[in-house]
Each structure stands twice: as structure tokens, then as C-alpha cells.
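The values are calculated or read from the model by the stated rules, or taken from the named source; none is laboratory data. All figures in this text were calculated on a predicted structure; none of them were measured in a lab. As a convention, Cβ positions derive from the backbone with ideal geometry for all residues, glycine included, and neighbour counts pool all protein chains shown. Heads up: the accessible areas ignore ligands, DNA and RNA and are worked out on the full protein's heavy atoms, side chains in. Shrake-Rupley method; radii C 1.70, N 1.55, O 1.52, S 1.80 Å.
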Amino acid sequence: MSATTARTATAAWLWAWGPVVLWVGVITWLSSDRFSDEQTASWLTRMPFLSALGLPPATIDAVNLILRKTAHFVEYATLSVLAYRALGLGDPSASRARRLLSAVGLAVGCAAMDEFHQTLTLTRTGSLKDLFINSLGAIAGASLAARLLAQRWPTRAA
């Protein structure tokens, strides 16, 4: 393999998989102690517009829970969209179903590792409920990506 071919292959791989790797880094950062339940609740209570409303702690806790679970869903929906894209760029001839299942599998595997990682932190805990929410996000994201890409490029194996 020539140096030019190797550079082209590396650039193609980075174009396809670079966003996936970067997003996994973001997910790992978000699963640190800095983003624990206590931390995000503290941030919410210090927000001026929420403080001005004089919301009771139970309401702040409910908002915190909704934001946190939505973040789980969105993190893994985004990961599976990026994975679906990367799989299509890496092997455009792969069937839509194969890419869909592979993207979901990759995202769910990352979600399982992330939940395990949280068990190793001081203020986080891994949760099967969160893994389920992450998995739903992964399925939704990959399904959305498959549908949108099929509409955009109907003649390709979307």
C-alpha cells in the first residue's frame, strides 16, 4: 500500500468514525462525578430563573430527573445515528438492516460499559433502568438515521 493510499484510507476512516469516537468521549465525560445527580440538582437550584420562581425542592428534583433521563436517551440516540452513518460510509453495500442492528449493538454495548463505568465513580451508580433508556435512545436514533438516509438517497442501500 502506498503512502498516499494509506493517507486516503486513514482520512476516510477518520471522516466516518471520528465523530463516533469523539461522541463516546463526550459520553464518558458526562458519566463522571461532575455530572452526578447531586451536581445537576445543585446547578438547577442555582439557576436565577428557577430560583426566582421559588420552586419547592420536589419540583426541582422532578425537573432534574426528567433532564437526566432525557439526556441518557439523547446521548445514545446521537451515538447510534453517528454509528449508522459511519457503518454506511465504511461499507455502502451493507444492507440497511445490518447497519441498523450494528449501530444499535454498538450503542447498547457502549451504554453497558458506561453504566459499568459509573459503578466505579464516587457519586454515580450504574443502573439497568438507565441502560434500558439508553437502549431505547439507540434504537430510536438508528431507526431515524435509516429512515432519513433512505429518503435522502433512495437509490442507495440506505
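Things worth noting here:
- Criterion (surrounded by 13 or more Cβ atoms within 10 Å (Cβ to Cβ), more than 16 Å from the chain's Cα centre (by Cα) and basic (K, R)) met by exactly one of R99, R85, R68: R99
- The residue that is surrounded by the most Cβ atoms within 10 Å (Cβ to Cβ), among those in region 12-43 that are under 20 Å from Q118 (Cβ atoms) and aromatic (F, W, Y), is W23.
- Taking region 1-71 and the helices (runs of 4 or more DSSP H) fully enclosed by it, the elements with 3 or more residues that are under 30 Å from T125 (Cβ atoms), aliphatic (A, V, I, L, M) and modelled with pLDDT of 90 or more are at 3-30.
- Look at region 133-144: where a residue is at pLDDT 95 or above and a partner is among the basic types (K, R) and open to solvent by 30 Å² or more (accessible area, probe 1.4 Å), sitting 6+ places away or on another chain with Cβ atoms under 6 Å, you get I133/K69.
- Any hit, region 45-60, residues being touching an Asp or Glu at 6+ places or on another chain (Cβ under 9 Å) and either exposed (fewer than 13 other Cβ atoms within 10 Å of the Cβ) or farther than 14 Å from A142 by Cα (or both): no
- Taking first residues from region 18-46 that are free of Cβ contacts under 8 Å to residues at least 24 places away in the same chain and partners that are of a type in the set (D, E), the Cβ contacts under 7 Å between residues at least 6 apart in sequence or on separate chains come to A41/D61.
- Test: residue in region 104-123 that is of a type in the set (G, A, S) and open to solvent by 40 Å² or more (accessible area, probe 1.4 Å): yes
- Residues of region 116-127 satisfying the condition of being part of a helix (DSSP H, G or I) and free of Cβ contacts under 8 Å to residues at least 40 places away in the same chain: F116, T119
- Boolean, T70 is touching a residue at least 12 places away in the same chain (Cβ under 8 Å) and more than 20 Å from A16 (Cα to Cα): no
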